[in-house]
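J.: Questions regarding the structure given below will be posed in turn.
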Amino acid sequence: PAIFLHSVILAKILGDNFQPQMVAGHSLGEFSALVAAGYLTFEDGLKLVFQRAMAMQKACDANPSTMAAILGLDDEVVEQVCTSIDRIVVAANYNCPGQLVISGTNQAIAEACEKLTEAGARRALPLPVGGAFHSPLMESARVELESAINNTLFSEGLCPVYQNVTASAVSNLEEIKDNLVKQLTASVRWTQTMQAMISDGASSVIEVGPGKVLQGLFKKVDRTFPTESATL
């Protein structure tokens, strides 16, 4: 909630200077992007972020699981290794070329890290997280959030939103809601999102939120691409 609040309040303070032609957010950030672009009210966005967090925590408690960052391998190699393991482990976050986060049961993550290291990964680093986010192990949370999203009013936004599930521009409200539900168990296709935004004509990006992580990921796609942080 703190990250959501920071991002949305900063966008609001920018006022007329916040005139994006497209928006996107990484995982939780998709909710911030939807509020900033007018698809959701602040109040409804905050409620959904809270409900999402509580539903995910329940899923974590029911299914002990984790994630790991894999550095220095092509996405296809990571996907093939995950597929070869006879337990739940999937590619969860396509953060940038050469950086992919996997998600699954504790045993599956341990096995995958071993195999990926053998396959040439520069690092296979277990992450200190509470569960296997963006994986089938979040199915119970997806079902719970689906009801909350379907009971929330969405409005026409300022511009298209590039959603994690599709990595493409979406403005249809029913599609946006459907993709938000799917996001809990589907991969965050951030590499593909950045590539699509650039391909569709983005000339620069402004990160409206804490830190510069997303700017760094854009630079991994194109070192010359202009990025900046929102300032007051």
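J.: Of the conditions (1) of a type outside the set (Val, Ile, Thr); (2) open to solvent by 10 Å² or more (accessible area, probe 1.4 Å); (3) within 22 Å of Thr191 (Cβ to Cβ), Glu30 satisfies every one except a single condition; which number is it?
T.: Of the numbered conditions (1) of a type outside the set (Val, Ile, Thr); (2) open to solvent by 10 Å² or more (accessible area, probe 1.4 Å); (3) within 22 Å of Thr191 (Cβ to Cβ), the odd one out for Glu30 is (2).
J.: Taking into account only those residues within the stretch 11-27 that are aliphatic (A, V, I, L, M) and open to solvent by 20 Å² or more (accessible area, probe 1.4 Å), which is farthest from Val205 (Cα to Cα)?
T.: Among those residues, the one meeting the criterion is Ile13.
J.: Let me ask you something else. For the stretch 9-27, which positions are within 21 Å of Leu184 (Cα to Cα) and hydrophobic (A, V, I, L, M, F, W, C)?
T.: Val23, Ala24
J.: Within the stretch 20-66, how many residues turn out to be under 23 Å from Ile109 (Cβ atoms) and among the basic types (Lys, Arg)?
T.: 2
J.: Is there a residue being in contact (Cβ under 8 Å) with a residue 60 or more places away in the chain, within 28 Å of Glu228 (Cβ to Cβ), part of a helix (DSSP H, G or I) and not basic (Lys, Arg) anywhere in the stretch 22-29?
T.: Checked the stretch 22-29: at least one residue is in contact (Cβ under 8 Å) with a residue 60 or more places away in the chain, within 28 Å of Glu228 (Cβ to Cβ), part of a helix (DSSP H, G or I) and not basic (Lys, Arg).
J.: Being assigned to a strand (DSSP E or B) and hydroxyl-bearing (Ser, Thr, Tyr) is the filter; apply it to the stretch 103-140 and report the residue that is most open to solvent (accessible area, probe 1.4 Å).
T.: The extreme case among them is Thr105.
J.: Return the residues of the stretch 55-77 that are over 30 Å from Ile149 (Cβ atoms) and outside any loop (DSSP other than H, G, I, E, B); say none if nothing qualifies.
T.: Ile70, Leu71, Glu76, Val77 - these are the residues of the stretch 55-77 that are over 30 Å from Ile149 (Cβ atoms) and outside any loop (DSSP other than H, G, I, E, B).
J.: Additional query: What pairs come up if the first residue lies in the stretch 53-71 and is among the charged types (D, E, K, R), the second is surrounded by 15 or more Cβ atoms within 10 Å (Cβ to Cβ), and their beta carbons are under 7 Å apart, counting only those six or more places apart or on different chains?
T.: Once the first residue is among the charged types (D, E, K, R) and sits in the stretch 53-71, its partners that are surrounded by 15 or more Cβ atoms within 10 Å (Cβ to Cβ) give Lys58/Ser140; Lys58/Ala141.
J.: Something else now. Restricting to the stretch 36-52, name every residue that is assigned to a helix (DSSP H, G or I) and either open to solvent by 20 Å² or more (accessible area, probe 1.4 Å) or free of Cβ contacts under 8 Å to residues at least 24 places away in the same chain (or both).
T.: Result: Ala36, Phe42, Glu43, Asp44, Leu46, Lys47, Phe50, Gln51.
J.: For the stretch 209-224, which residues satisfy the criterion of being modelled with pLDDT under 95 and either open to solvent by less than 40 Å² (accessible area, probe 1.4 Å) or touching a Lys or Arg at 6+ places or on another chain (Cβ under 7 Å) (or both)?
T.: Scanning the stretch 209-224 gives a single hit, Gly209.
J.: Turning to a different aspect of this structure: Evaluate the following for Thr152: is it open to solvent by 50 Å² or more (accessible area, probe 1.4 Å), among the β-branched types (Val, Ile, Thr) and under 24 Å from Leu46 (Cα atoms)?
T.: Here the answer is no, as Thr152 does not meet what is asked.
J.: Can you spot a residue in the stretch 78-88 that is surrounded by fewer than 22 Cβ atoms within 10 Å (Cβ to Cβ), on the phi > 0 side of the Ramachandran plot and either at pLDDT 95 or above or within 18 Å of the chain's Cα centre (by Cα) (or both)?
T.: The answer is no, given that none of the residues of the stretch 78-88 is surrounded by fewer than 22 Cβ atoms within 10 Å (Cβ to Cβ), on the phi > 0 side of the Ramachandran plot and either at pLDDT 95 or above or within 18 Å of the chain's Cα centre (by Cα) (or both).
J.: Identify all residues within the stretch 195-208 that are closer than 27 Å to Phe50 by Cα and either open to solvent by less than 40 Å² (accessible area, probe 1.4 Å) or among the acidic types (Asp, Glu) (or both); write none if there are none.
T.: Glu207, Val208, listed by residue number.
The values are calculated or read from the model by the stated rules, or taken from the named source; none is laboratory data. Just so you know, these numbers come straight off a predicted model, no measurement behind them. Cβ coordinates were reconstructed from backbone atoms using ideal geometry, including for glycine residues, and neighbour counts include every protein chain displayed. What goes into the accessible areas is simple: the full protein's heavy atoms, side chains included, and nothing from ligands, DNA or RNA. Shrake-Rupley method; radii C 1.70, N 1.55, O 1.52, S 1.80 Å.
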